[in-house]
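Down below is the structure, laid out as structure tokens.
The values are calculated or read from the model by the stated rules, or taken from the named source; none is laboratory data. Quick caveat: nothing in here was measured; it's all calculated off a predicted structure. Virtual Cβ from ideal backbone geometry, glycine too; neighbours counted across all protein chains shown. Protein only, heavy atoms only, side chains kept; ligands, DNA and RNA dropped before computing areas. Shrake-Rupley method; radii C 1.70, N 1.55, O 1.52, S 1.80 Å.
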Amino acid sequence: MNRSCPKAGEQYFRPKDSICGSWVTEMDAGGLLFSFGVALSFERKEDSMENIANLIENNHFYHVFQPLRRLPDQGKVGYEALIRSTSGIGPNALFQGAIEQNRLYQLDTWSIEHALSSFFFSPVAQEDGLLFINLFPSTIIADAFPLFVNDLRRRLLSFVHRIVLEINESITEEPIWSNPVFMQRIKDLRNNGFLIALDDVGEGTTTFRKIFEISPDFIKIDQFFSKELSLCKKKQKVVQLFVDYCGDANSTLILEGIEREEDFVCAACLGVTIGQGYYLGKPNRLNI
């Protein structure tokens, strides 16, 4: 069958017994095609946005927890809480939808509160481990954030020293990093006993200046550097650079995305302190 596009001015009819049913696309007077495929993509986006709105409104989320382990003995350091939706919408699409609907603060703070409550009021809380949870810069500078933090601290006072807030990178939020309120809020968090991590270093917009200014307790290197680390001298040099820096700056280095034994061994030989990835443990519900 000839599936070539119709020419300007033509109409294109699909038979009623086709797999897609009956539909028509037409060229307008200016020769622009109203494409069914394009229309469908907009409808799907609208449906997706509506689904995300419903999810946020009804808190239809849960968290899985992925272990972080020491290198080379693989002793458990703690877990990272990773948000999931009951609809199967991925985290990136979920947060992007929240941004577009101006509900990022609502979703971000709900995720933090739910993850902390789920983790520390469960049998896992009996372990002397850390919990890493993501946090957006725009959430940190929000007017309501200090009250949110005070409430968390009041309810989780005995666990605060085990909470690591991972500052999430987003290109759209890059200007926030130079906001004086942002830096002051981070100082306030640390003064209240929370630990700070910079997430996905090497993948986003983090620079050594930001690392120097924030002086995080943990630096998490993006998983790009763990992929075939054992085979790539350039990646090894970059990882070694961070190992040396963390040793001098009193920060702890975490390498994300370790999936192969060879890369695990290489990371350990380079002096990486903590690893995360499928080789060391997959994300799971707490009851698994």
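Computed with a 1.4 Å probe over protein heavy atoms only, the accessible surface of region 166-262 comes to 51 Å² per residue.
Leaving ligands and nucleic acids out of the surface, order Leu130, Leu280 by accessible area at 1.4 Å, largest first.
Leu130, Leu280
What GluC sites (Glu not before Pro) in region 112-218 are in a loop by DSSP, with at most 13 other Cβ atoms within 10 Å of the Cβ?
Passing sites in region 112-218 are Glu127.
With the whole protein complex present, Ser85 retains an accessible surface near 10 Å², based on a 1.4 Å probe.
Per-atom-type breakdown for region 122-251 gives carbon and sulfur 55% of the accessible area (1.4 Å probe, protein chains only).
Against the empirical 2.2 N^0.38 Å (N residues), region 52-139 has a Cα radius of gyration ratio of 1.19. Ordered by 1.4 Å accessible area with all protein chains kept, Ser170, Ser158, Ser226 run largest first as Ser158, Ser170, Ser226.
Quarter the surface of the alpha carbon convex hull of region 248-288 and you get the mean projected area, 3.7 square nanometres.
Can you tell me what share of the DSSP beta bridges in region 55-193 is antiparallel? A percent to the nearest 5 is fine.
Within region 55-193, antiparallel bridges account for around 55 percent of the total.
Most simply put, region 113-202 has about 0% antiparallel DSSP beta bridges, counting only bridges with both residues inside it.
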